[in-house]
Amino acid sequence: MPGIEIKVVIAGHVDHGKSTLVGRLLCDTGQMHADRKEKVEKRCKRDGKRFEFAFLLDAFEEEQDQGITIDAAEIRWNFGGKRFLLIDTPGHREFSKNMATGASKADAAIILLDAGEGIREQFRRHSRILAMLGIENIIVAVNKMDLAAYNARKFAAIKEEAGAFLARLGIPPAAVIPICALHGENLVQKSPKMPWYYGHPLAGALLDMKINKNTGLEPLRFSIQDVYKSGEKRIYAGRVESGVIRKGQELVFLPSGKTTSVKTIEKWHEPGVKTAKHGDCVGVTLAEPLSVERGEVAVGRKRAPAVSNLVRANIFWMGGQPLTAGRGYKFRLAAQEAGCRLVSVENVIDADTFEKMDASEDAIARNNMGDVTLQLDRPLVYDEFSKVAAMGRFVLVDEGRVSGGGIILGDARARLPGREIKDRKVFTERSGVTKEARRKRNGHPGFAIWLTGLPGSGKSTIARELEKKLFEAGVQVYALDGDNIRHGINRDLGYSCADRAENIRRLSELARLFSDAGLAVITAFISPFESDRQKARETIGAENFIEAFVDCPLQVCEKRDPKGLYKKARRGEILNFTGVHAPYERPVRPDITLRTDSIDAAAAVKKLLDFLKRKGKIK
């Protein structure tokens with residue numbers, strides 16, 4: 001696995017030796033700067049203490065004075081031809097949130113136990129956090145074996161109890177190793193003081209771990225963290241969360257839907273790089289510079305991620321107050337962040353007994369786990385954790401503190417009422433009139449023109465004018481307008497992303513019936529999400545679907561504001577309004593684009609009529 005950085009979180013109770021372990025590993029493999037070591041030696045001598053390996057990592061004097069780790073520290077360590085990022089996290093219960101933050105990006109974990117104290121509550125708490133975050137590669141290091149007189153029976157009892165507990169969580173340990181971090185025993189070399197232990201030392205066990213990181217087999221996910229200017233270059237800096245990014249590769253940026261290709265890959269001190277893979281932090285320049293922001297995710301054309309504001313998730317909650325429906329939280333995934341609310345709780349699991357609890361109150365108490373549905377205030381890019389772990393793991397922030405973490409199970413929109421009909425004897429009935437007969441009678445085939453664009457871009461005006469022109473030309477035509485549909489068939493729907501998805505689903509089914517009847521149907525809907533428009537194409541049928549992008553800059557649409565909706569949205573009178581609070585995903589490959597900032601409605605209609613003639617839809 002050359003070139004891949006394996007992220008390992010170090011967890012455990014306070015004073016069980018996490019920082020000592022990492023400091024000793026660095027020293028014993030010659031990877032600690034001499035000046036850093038000398039500085040710690042002087043401080044320990046000044047304070048009349050023995051040399052503390054932990055002080056090599058504790059960056060803040062407060063940490064050294066208190067003898068604890070407060071914040072997570074990240075240390076790069078190379079061993080056996082592999083690169084590791086060791087994440088040393090706090091052990092105090094009050095800093096469990098910091099531990100969860102560090103663990104949220106890890107591939108594997110080392111949990112430390114004190115041989116004299118054995119299993120304590122913090123071990124169970126940290127284990128549950130790791131299980132909830134889907135970290136399956138776990139090594140248990142039983143530390144301070146010198147204080148237990150290197151007793152094999154004592155180690156065996158701890159090993160059995162720890163292994164049984166982790167197995168109940170579904171994450172049996174890869175190894176349980178007796179160590180003495182202070183003296184470097186069983187860290188890099190086997191210790192002669194524990195001849196009864198036949199396994200690998202800790203460093204060897206890390207090398208032995210099977211981390212599922214397929215360089216090239218996973219779909220590309222390049223998370224944008226910032227955009228810089230260097231001379232004439234605009235560099236899009238980020239991290240390859242999965243897959244491989246290549247020079248010349250075509251990219252789609254989500255959720256915006258903008259497309260271009262990779263011009264160059266910029267890597268520090270490595271000119272001429274042509275590829276970057278999972279774990280690499282790089283910059284890219286693009287063939288066509290785009291206006292994209294932090295949090296956008298660049299992907300390939302195949303195996304696209306989900307873009308939604310509704311997710312189903314497994315979560316572990318550590319907040320001071322219960323996770324409660326209706327309360328606002330921050331949702332963080334990779335470089336993305338959005339406000340979110342708990343919609344529902346499917347089940348709650350008591351983290352101590354692992355028994356299911358009453359979930360009727362739609363809340364999860366501190367230190368409990370559960371399956372939930374979360375609604376974000378804007379669509380984010382994600383994958384199911386089982387498919388792309390890095391894009392399926394998140395944390396929740398409450399009042400500025402990390403208070404929960406979890407893994408994404410899937411898109412909650414799949415659970416919307418009416419999305420699927422199951423366990424019923426429902427069959428599709430075929431019409432007694434063929435499509436060809438309808439085409440012959442009408443003089444044209446049935447088809448749907450799907451007008452999509454920002455509010456105020458001119459969709460409804462174009463739809464009305466096009467309907468009139470087609471009718472005058474003898475075409476059997478009908479226009480479905482968004483406002484009219486919401487007055488009737490969709491009057492029960494609101495304007496959340498979930499309701500908008502259901503709005504488009506119903507419209508798609510209606511347009512399919514119209515086109516099957518041999519009519520030309522025109523839809524004038526914002527339909528802001530690419531995934532929903534693609535589903536509409538599939539529902540209506542690609543041969544009958546024409547996506548017409550009514551392209552108009554936001555500032556022009558807002559200046560027009562024919563219904564005064566932008567002003568109301570800016571004043572906070574309308575929430576979740578596309579272009580103000582909610583995003584609009586530009587079509588990736590529309591069949592036709594109408595630039596209504598530079599042409600009027602009449603010219604747009606003429607362009608559409610010419611297009612329909614070329615495609616053989618009308619005479």
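The values are calculated or read from the model by the stated rules, or taken from the named source; none is laboratory data. In this text, all values refer to a predicted model and were calculated from it rather than measured experimentally. Note: ideal-geometry Cβ built from the backbone for every residue, glycine included; neighbour counts use all protein chains shown.
Take the residues in region 566-587 that are farther than 22 Å from residue 549 by Cα and among the charged types (D, E, K, R), then tell me which one is nearest to the chain's Cα centre (by Cα). Working first, answer last.
Of the residues in region 566-587, the ones farther than 22 Å from residue 549 by Cα are 567-575.
Cutting the leftovers down to among the charged types (D, E, K, R) gives us 567-568, 570-571, 573.
Values: 567: 32, 568: 32, 570: 29, 571: 31, 573: 30 Å.
If we take residues in region 566-587 being farther than 22 Å from residue 549 by Cα and among the charged types (D, E, K, R), then 570 is nearest to the chain's Cα centre (by Cα).
Identify, from the list 349, 315, the residue that is crowded, with 21+ Cβ neighbours inside 10 Å and not assigned by TED's automatic domain parsing to the domain that holds residue 235.
315
Please state which one of 292, 343, 297 is within 25 Å of residue 399 (Cα to Cα) and hydrophobic (A, V, I, L, M, F, W, C). Break it down into steps so the answer makes sense when it comes.
On the way: 292 fails: within 25 Å of residue 399 (Cα to Cα); 297 fails: within 25 Å of residue 399 (Cα to Cα).
When all the criteria are applied, what remains is 343.
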Subject >> Residue selected from region 466-481 under the condition closer than 18 Å to residue 510 by Cβ and charged (D, E, K, R), by the criterion modelled with the highest pLDDT >> reply: 467
Original post:
What residue, among those in region 588-607 that are of a type in the set (A, V, I, L, M) and in a loop (DSSP other than H, G, I, E, B), is nearest to residue 559 (Cα to Cα)?
Top reply: 599
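Picking from 308, 242, which residue would you name as being touching a His at 6+ places or on another chain (Cβ under 9 Å), touching a residue at least 24 places away in the same chain (Cβ under 8 Å) and not basic (Lys, Arg)? Quick ask: steps written out before the conclusion?
Values: 308 fails: touching a His at 6+ places or on another chain (Cβ under 9 Å).
Exactly one residue qualifies, and that residue is 242.
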Subject >> Given (1) touching an Asp or Glu at 6+ places or on another chain (Cβ under 6 Å); (2) under 18 Å from residue 16 (Cα atoms), index of the condition residue 191 fails >> reply: (2)
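Yes/no per residue for (1) more than 25 Å from residue 589 (Cβ to Cβ); (2) assigned by TED's automatic domain parsing to the domain that holds residue 590; (3) touching a strand residue (DSSP E or B) at 6+ places or on another chain (Cβ under 6 Å); (4) modelled with pLDDT of 90 or more:
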{"position": "354", "(1), (2), (3), (4)": "yes, no, no, no"}
{"position": "358", "(1), (2), (3), (4)": "yes, no, no, no"}
{"position": "370", "(1), (2), (3), (4)": "yes, no, yes, no"}
{"position": "378", "(1), (2), (3), (4)": "no, no, yes, no"}
{"position": "410", "(1), (2), (3), (4)": "yes, no, yes, no"}
{"position": "449", "(1), (2), (3), (4)": "no, yes, yes, yes"}
{"position": "453", "(1), (2), (3), (4)": "no, yes, yes, yes"}
{"position": "456", "(1), (2), (3), (4)": "no, yes, no, yes"}
{"position": "464", "(1), (2), (3), (4)": "yes, yes, no, yes"}
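For the subset of region 548-558 comprising residues that are in a strand (DSSP E or B) and in contact with a Gly (Cβ under 8 Å, 6 or more places away or on another chain), which member is surrounded by the most Cβ atoms within 10 Å (Cβ to Cβ)? Reasoning before the result, please.
Kept after step one, since they are in a strand (DSSP E or B), are these residues of region 548-558: 548-551.
This time we only want the ones that are in contact with a Gly (Cβ under 8 Å, 6 or more places away or on another chain), so: 549-551.
Values: 549: 21, 550: 26, 551: 19.
Among those that are in a strand (DSSP E or B) and in contact with a Gly (Cβ under 8 Å, 6 or more places away or on another chain), it is 550.
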Original post:
Just for region 262-290: of the residues that are within 30 Å of residue 407 (Cα to Cα) and not charged (D, E, K, R), which one is surrounded by the fewest Cβ atoms within 10 Å (Cβ to Cβ)?
Top reply: 281
Subject >> region 486-504 - residue that is touching a helix residue (DSSP H, G or I) at 6+ places or on another chain (Cβ under 7 Å), under 30 Å from residue 338 (Cα atoms) and not small (Gly, Ala, Ser) and, of those, modelled with the highest pLDDT >> reply: 504
**OP:** Could you check residue 610 against (1) touching a residue at least 40 places away in the same chain (Cβ under 8 Å); (2) not in a loop (DSSP other than H, G, I, E, B) and say which number it fails?
**Re:** (1)
Original post:
For the subset of region 120-174 comprising residues that are of a type in the set (D, E, K, R) and either at pLDDT below 90 or assigned by TED's automatic domain parsing to the domain that holds residue 403 (or both), which member is farthest from residue 367 (Cα to Cα)?
Top reply: 136
Subject >> Among the candidates 235, 171, 224, residue that is closer than 23 Å to residue 385 by Cα, in contact (Cβ under 8 Å) with a residue 24 or more places away in the chain and part of a strand (DSSP E or B) >> reply: 224
Original post:
Residue check: is residue 259 part of a strand (DSSP E or B), at pLDDT 85 or above, over 26 Å from residue 389 (Cα atoms) and not aromatic (Phe, Trp, Tyr)?
Top reply: no
Original post:
So which residues in region 571-619 are among the hydrophobic types (A, V, I, L, M, F, W, C) and modelled with pLDDT under 85?
Top reply: 574, 575, 577, 580, 582
Original post:
Is one or more of the residues making up region 118-138 among the hydrophobic types (A, V, I, L, M, F, W, C) and surrounded by fewer than 21 Cβ atoms within 10 Å (Cβ to Cβ)?
Top reply: yes
Original post:
Quick check, is residue 486 part of a helix (DSSP H, G or I) and over 30 Å from the mean Cα position of the chain (by Cα)?
Top reply: yes
**OP:** Could you check region 1-119 for helices (runs of 4 or more DSSP H) lying wholly inside it with 1 or more residues that are at pLDDT 60 or above and in contact with a strand residue (DSSP E or B) (Cβ under 6 Å, 6 or more places away or on another chain)?
**Re:** 18-28, 96-103
Original post:
Can you spot a residue in region 552-565 that is small (Gly, Ala, Ser) and within 30 Å of residue 338 (Cβ to Cβ)?
Top reply: yes
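Just the residues that are among the aromatic types (Phe, Trp, Tyr) and under 17 Å from residue 16 (Cβ atoms), please, taken from region 138-188. Lay out the reasoning, then the answer.
Within region 138-188, the first condition is being among the aromatic types (Phe, Trp, Tyr), and the residues that meet it are 150, 155, 165.
Listed by number, the residues that qualify are 155, 165.
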Subject >> Per-region count, region 479-509, residues within 12 Å of residue 450 (Cβ to Cβ) and without any contact (Cβ under 8 Å) to a residue 40 or more places away in the chain >> reply: 3
Original post:
Say we look at region 575-597 and pick out the residues that are without any contact (Cβ under 8 Å) to a residue 60 or more places away in the chain and among the aliphatic types (A, V, I, L, M); which of these is nearest to residue 533 (Cα to Cα)?
Top reply: 592
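If I filter region 502-547 down to residues being farther than 16 Å from residue 478 by Cα, touching a strand residue (DSSP E or B) at 6+ places or on another chain (Cβ under 8 Å) and not charged (D, E, K, R), which single residue comes out as surrounded by the fewest Cβ atoms within 10 Å (Cβ to Cβ)?
Of all residues in region 502-547, those farther than 16 Å from residue 478 by Cα come to 502-506, 526-539, 541-543, 547.
Cutting the leftovers down to touching a strand residue (DSSP E or B) at 6+ places or on another chain (Cβ under 8 Å) gives us 526-531, 533, 536-537, 547.
Okay, now just the ones that are also not charged (D, E, K, R), so 526-529, 531, 536.
Numbers: 526: 22, 527: 27, 528: 25, 529: 26, 531: 20, 536: 24.
Among them, the one singled out is 531.
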**OP:** Working only within region 290-317, note down all residues that are touching a helix residue (DSSP H, G or I) at 6+ places or on another chain (Cβ under 8 Å) and assigned to a strand (DSSP E or B).
**Re:** 297, 306, 307, 308, 309, 310, 311, 312, 314, 315, 316
Original post:
Quick check: is even one residue across region 318-338 at pLDDT below 90, assigned to a strand (DSSP E or B) and crowded, with 20+ Cβ neighbours inside 10 Å?
Top reply: no
Subject >> Every residue from region 601-614 that is of a type in the set (D, E, K, R) and either surrounded by 13 or more Cβ atoms within 10 Å (Cβ to Cβ) or touching a Leu at 6+ places or on another chain (Cβ under 8 Å) (or both) >> reply: 606, 607
